[in-house]
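Have a look at the structure below, then the notes.
What follows draws every value from the coordinates through simple rules; no lab data is involved. Everything quoted here is computed from the prediction, not taken from an experiment. All Cβ positions, even for glycine, are placed from backbone atoms using ideal geometry, and neighbour counts span all protein chains on display.
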Amino acid sequence: MLLQSAETLTDNINFINLLCRLGVSYHFEDEINEQLHHIFNMLPELLKDNDYDLCTLANLFRVLRQYGYKMTCDVFNKFKDRDGEFKEDIGNDVKGIICLYEACFLAISGEDILDEALAFTKKHLKILAENSSPHLQKHIRNTLMSPSHRTIEKLDALNYISFYEEDESPNETLLKFAKFDYNGLQLLYRKELALLSRWWKNLNVVENLPYTRDRLVESYMWALGFFFEPEYSASRMLVSQR
């Protein structure tokens, strides 16, 4: 499906974004990097020949930046009016506003347009949350509280899986794969925590060193935030023990 999506930029970038949000992109790093490298090299021509909507451009910007490609934020100038303000009519584009809000968190110093976009999207998302269905309202509030770029990836994936499965036309194969992957990793994390807890209990740190903080699970969550992939199991264990 990933290779098939590469036929058009819109399908490709939306599919890659979906892989990222569902927490399964790490399985396809080589394929994704190859496709994004091609997209980035063709970007000036693609932007010149196509009038992409807000959602597509915001996803394109976020995914490229996430993988280390510095796409210019000037692409969002087309959504401003003559006075240099973001057009009010895009405030009704729920998907576009959510995508732009998420993209703003990959800004670098000096990108004023993204600072403006962040204030604009935050204001409109709060309004949209009040007038949306309970399903979408929950997603918007989760997004405002925990933008994906500032959240532990697997926790963000869990929230997005719950949101995506209630979509009008979800990709059932991808959704099933994302759930299977999440459950498999969760089982691995529980085994790691069991081993760490046994080690901590055998040390009897709480009684021998009462001034030491008893925060093993918190330490493990910090490690999980750095590297969640299964191949980094030993690294998570070592970081948690420090």
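List the GluC sites (Glu not before Pro) in segment 168-242 that DSSP assigns to loop (not H, G, I, E or B) and whose Cβ has at most 15 other Cβ atoms within 10 Å. Which are they? Please list the in-between numbers first.
Values: sites: Glu168, Glu172, Glu192, Glu207, Glu218, Glu231; in loops: Glu168.
Here the sparse-neighbourhood loop sites are Glu168.
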> So what J values fall out for segment 136-144 if you push phi through Karplus, 6.51 cos²θ - 1.76 cosθ + 1.60 with θ = phi - 60°, rounded to Hz, Gly and Pro as x?
Replying inline: 6, 4, 4, 5, 5, 5, 5, 5, 5
>> Can you compute the helix-only [θ] at 222 nm over the chain? Use -39500 (n - 2.57) per DSSP H run of at least 4 residues, normalise by all residues, nearest 500 deg cm²/dmol.
In response: -21000 deg cm²/dmol
> Taking Cα atoms of segment 65-115, Rg/Rh with Kirkwood Rh, to two decimals?
Replying inline: 0.97
>> If amide hydrogens are placed 1.01 Å from N in the peptide plane, which non-local residues have theirs closer than 5 Å to the one on Ser146?
In response: none
> Relative contact order for the chain using alpha-carbon pairs under 8 Å, separation at least 6, rounded to a whole percent?
Replying inline: 16
>> Largest first, please: the extent of the C-alpha atoms of segment 153-240 along each principal axis, to the nearest Å.
In response: 57, 22, 18
> Once both labels are modelled 7 Å past Cα along the beta-carbon direction, what's the Lys80-Asp167 spacing in nm?
Replying inline: 3.2
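What does the highest-first list of 153-164, 79-90 look like by mean Cβ count within 10 Å?
Going by the mean number of other Cβ atoms within 10 Å, highest first, we get 153-164, 79-90.
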>> Over the Cα atoms of segment 1-125, what radius of gyration and what Dmax do you get, in Å?
In response: 14.3, 45
> If you project the alpha carbons of segment 6-47 onto their three principal axes, what span does each projection cover, largest first, in Å?
Replying inline: 30, 17, 14
>> Please report the spacing between the Cα centers of segment 176-242 and segment 84-153 in Å, no decimals.
In response: 33
> Over the alpha carbons of segment 126-172, what is the largest minus smallest coordinate on each principal axis, giving the biggest first in Å?
Replying inline: 29, 27, 11
>> If R₀ is 25 angstrom, what is the calculated FRET efficiency for the pair Arg150 and Asp112, using the beta carbon separation as r and rounding to 0.05?
In response: 0.75
> If you take the alpha carbon radius of gyration of the chain and divide it by 2.2 N^0.38 Å, what ratio comes out, to two decimals?
Replying inline: 1.16
>> Averaging over every viewing direction, what projected area does the convex hull of the Cα atoms of segment 89-217 cover, in nm²?
In response: 11.9
> Length gain on complete extension for the stretch Gln4 to Ser132, per 0.36 nm per residue less the alpha carbon to alpha carbon distance?
Replying inline: 42.7 nm
> What pairs from Lys95/Lys123; Lys123/Lys154; Lys126/Lys154; Lys95/Lys179 go past 19 Å between their alpha carbons?
Replying inline: Lys123/Lys154; Lys126/Lys154; Lys95/Lys179
> Using 7 Å Cα-to-Cβ label points, what is the Ser197/Tyr232 separation (nm, one decimal)?
Replying inline: 2.4
> Spin-label point model (7 Å from Cα, Cβ direction): what's the Asn50 to Glu34 distance in nm?
Replying inline: 2.0
> Relative to the Cα centre, what is the charge dipole magnitude of the chain, using +1 at the beta carbon of each Lys and Arg, -1 at the beta carbon of each Asp and Glu, and rounding to the nearest 20 debye?
Replying inline: 1280
> Could you give me the ³J(HN,Hα) list for segment 169-174, computed from phi with Karplus coefficients 6.51, -1.76, 1.60 and θ = phi - 60°, whole Hz, x at Gly and Pro?
Replying inline: 9, x, 7, 4, 5, 5
